Amino acid sequence: MKEAFWMIPLFPAVGALGLLVFGSRLRRGAVSFLGCLTVLASFLLSLASFLGLSATAAAGGGPRIKVLFDWLDAGRLSAGLSFQFDALTAVMALVVTGVSFVIHVYSVGYMKGDRSYARYFGLLNLFVFSMLLLVMASNMIVLFIGWEGVGLCSYLLIGFWFEKPAAAAAGKKAFLINRIGDAAFLVGILFLVLFVGGTEFRLIERAALNGELGAGAATLIGLLLFAGACGKSAQLPLYVWLPDAMEGPTPVSALIHAATMVTAGVYMVARLNPLYSLSPAALETVAVVGAATAVFAATMACVQNDIKRVLAYSTISQLGYMFIGCGVGAYAAGIFHLFTHAFFKSLLFLSAGSVMHALSGELDIRRMGGLRRHLPLTYAAFLTGTIAISGVPFFSGFFSKDAILTKAFASGRHVVWALGLLAAVMTAFYMFRLLLRVFHGQERLEPSAKARLHESPPVMTVPLLILAFCSAAGGYLSLPVVFGKGLDRFPRYLESVILPGAEAHLSRGTEWLLIATSTAVALVGIVLAFLFYGRRTVVPETLIRTFPRLYRLVADKYYIDELYGAVIVNPLLRGSEAVYRDFDVRVIDGAVNGAARLTARAGKGLNVLQTGRVRDYALALLVGVLIVVGFLVL
Amino acid sequence: MIPASWFLALSGVLFALGVLAFLIKKDLLLMFLAVEVMLNAANLAFVAFARRHGLLEGQAAVFFIITVAAAEAAVGLAIILLVFRRKKTVKADEISVLKG
């Protein structure tokens, strides 16, 4: 049992294989049962391993490692298919399997009428498997396999309804943009092999602590790996795939945003914390990119009218927070925000899915409103999620966000801290805007949608309630120090993995002040939202009229997609076309066709020899014989 | 006794005549005949050498060649017959389907 943790990823792998190969022949009930059961088994095994780990943690000792077999062994590079289980892995495995299980159950209701039911669950299982591979790897090579695996699964699931051109394009976009980051990530791994001589996490940690790894090398590797994280975790400038990823089924969005995929970058940075701690420049970059993304994405979330896109930009913004946490050296705070975010973001997405389900697929919040009377359970769930993400005191988001902001302030990066506060105001604002537009105010429904309005079945609402509970209560695992000693269980649990850095301690007064600031900021955002969208929407309309240019700029997403199109995609397309026209057709094809033409010409020239007359052949034979004999004799 | 070189000279003359006939004649049957002449020229050379060196292998080879020539004549004449049936001619120059 002590070594059984390596089987955690095995269950979803078996499920994925079974469902993708034989799924179309199974009945729907069997598919749902198998799909959910494998993830549940994974979750229970994670829980057992977690409890086993806690029991032995007192005895000390490093992480548990299970090497299944040596896979690569070439020169300096050697990698085994090996898994590792320590505190950080335990947290990640529990979040991934736990949230995924809830989403699987929800999907049973949400995807009920879909044609490719088995393919959906097979891919979902494959996604969970890839993510588990990623978080349980004990070296960068296996992590990279999982890293690419989630990229592949996101492509397959975002483009799940591939008959829809927008969905197919979104899947392709996600895949290609991830590829850009992954290229840098791979180069980072190769440098790691070069400088450290291996990719095992223990080896990296030892090299970093012994001083074998210089600050310059650490900066280089850290930045390259972070570029990969920017792609996977949707940070500036590679975030553009995530809003488009909303084309996939809503539970998939919940899965991508909460449990699998986008958290991979944060996990990677936290996992390699000894390396990042060596390099102030890399950390500075992480923090600044995180803060910039948090604010940038939040501004776009404020003006979007698509319920899922608002949530998508909100995810980008919250991921920025996690990177702020990692960048200021508070890795545990970053992971803690990842943990709470997993609950409330999956809750918000699944509630949004429930709204869409009730409204026959409506996404535009301008055609919603007043739904709280019709969808009471969904409303309660969405409200909990909104409060949690906005940072209202005593809900989970408050504690995790506050931990990051406090650490950012304590580390002396006041600009980053201020940006974080700004993003927090906007977070509270856009989330309550969403809540008010969807559930309060006048009903602005389409008549056809109103006729079929209904609350979702229990298979969808029960997962919402579970997640709502976790969103509300998840924060109590780590309370601020001022609330009392020893209440910060979460960071202390991670101490075996995340090396405590030199922490600047703040006075009690300052801490209280910071907490009060965070609270005030959240409340300001909420009050603004009520002023803007509470009864009538006079204020925002006036603002739009006053600053039409600014509004269009933000509403059109700063024309970033257009910019990328003009600067990167179009020149590439044009260039490829030019190369095709001028080089491929003329030079390459010309050479090939020329060779063929030469052969044909030569054949035509030589075929006069082929007269078909026997006597000519006989004469040639005779001449040949005479020449040979002549040579032999003379 | 007639020296072996005379036989060899005769053999050479016969072979040259065969080649010449094969190249000049247009009739398949006559060309076939020319081939036979060349074969017999070879036979003569074989027995001449066999007698000169007092060995039997050369004479044995002649028997083989005669046998093979008989078989070849059967097959060859049959082919010529079939060609005639199909093309209504045995003129070699008119049968040139292999022309490139």
*Average the reciprocal distances over every distinct pair of alpha-carbons in chain B, invert the result, and give the Kirkwood radius in Å.*
15.2 Å
*How about A:Lys232: which aspartates and glutamates have a C-alpha closer than 15 Å to its C-alpha, ignoring those fewer than 8 places off in the same chain?*
A:Glu148, A:Asp182, A:Asp244
*Between A:Asp488 and residues 5 or more places away or on another chain, which pairs have amide H atoms under 5 Å apart, with H built 1.01 Å from N, and which residues are they?*
A:Leu479
*asked:* Under 16 Å between alpha carbons, and skipping anything fewer than 8 positions from B:Lys99 in its own chain: which aspartates and glutamates qualify?
replied: A:Asp616
*Cα gyration tensor shape for segment B:38-97, rounded if a/c is under 1.5, else prolate or oblate*: prolate
*Mind checking the mean number of beta-carbon atoms from other chains within 10 Å of the Cβ atoms in B:93-99?*
4
*Rounded to the nearest 10 degrees, what's the angle between the helix A:589-606 long axis and the longest principal axis of chain A, both from Cα atoms, 0 to 90?*
10 degrees
_R0 of 41 Å, Cβ-Cβ distance B:Glu72-A:Val633: FRET efficiency to nearest 0.05_ = 0.90
*Just tell me how shielded A:120-126 is by partners: mean number of partner chain Cβ atoms within 10 Å of each residue's Cβ, no decimals.*
0
*Which listed pairs, of A:Lys407/A:Lys557; A:Lys604/B:Lys25; A:Lys345/A:Lys450; A:Lys112/A:Lys173; A:Lys308/A:Lys450, have C-alpha distances above 23 Å, in listed order*: A:Lys407/A:Lys557; A:Lys604/B:Lys25; A:Lys345/A:Lys450; A:Lys112/A:Lys173
_Protection proxy ranking of A:240-250, B:33-43 - average other beta-carbon atoms within 10 Å, highest first_ = A:240-250, B:33-43
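Let me have the relative contact order for chain A, percent, based on Cα pairs under 8 Å that are six or more residues apart. If you can, show how the numbers build up before the last one.
Numbers: 1011 pairs, mean separation 73.4, N = 634.
12 percent.
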*asked:* Just to be sure I understand: if I project the alpha-carbon convex hull of the protein assembly as shown onto a plane and average over all orientations, what area do I get in nm²?
replied: 54.0 nm²
*Order these peptides, A:21-32, A:104-115, A:534-545, A:385-396, by their mean beta-carbon neighbour count within 10 angstrom, highest first.*
A:385-396, A:104-115, A:21-32, A:534-545
_Cα-based reach from B:Lys88 at 14 Å (exclusive), listing aspartates and glutamates while leaving out same-chain residues under 8 positions away_ = B:Asp27
*Could you rank the peptides A:178-189, A:221-232 by their average count of other C-beta atoms within 10 Å per residue, with the highest value first?*
A:221-232, A:178-189
*Plugging the Kirkwood radius over Cα pairs into Stokes-Einstein for segment A:177-220, at a temperature of 4 °C and a viscosity of 1.567 mPa s, what D comes out in µm²/s?*
118 µm²/s
*At 20 Å minimum axial length over the Cα atoms and a Kyte-Doolittle cut of 1.6, report the qualifying DSSP H helices in chain B, or say none.*
B:4-24
*asked:* What is the angle, in °, between the Cα long axis of helix A:508-533 and the longest principal axis of the Cα atoms in chain A? Nearest 10 is fine, range 0 to 90.
replied: 80 degrees
*Shape of segment A:49-142 from its Cα gyration tensor (a ≥ b ≥ c, root eigenvalues): rounded if a/c is under 1.5, otherwise prolate when a/b > b/c, or oblate?*
oblate
*By the gyration tensor of its Cα atoms, with a ≥ b ≥ c the square roots of the eigenvalues, what is the shape of segment A:304-450: rounded for a/c under 1.5, prolate for a/b over b/c, or oblate?*
prolate
*asked:* As I understand it, the value is the acute angle between the Cα axis of helix A:87-110 and the longest principal axis of the Cα atoms of chain A; what does it come to in degrees, rounded to 10?
replied: 90 degrees
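Coordinate-derived values only; no laboratory data. It should be emphasised that the depicted structure is a prediction, and the values quoted were computed from it without experimental measurement. Glycine also receives a Cβ, built like all others from the backbone with ideal geometry; neighbour counts cover every protein chain displayed.
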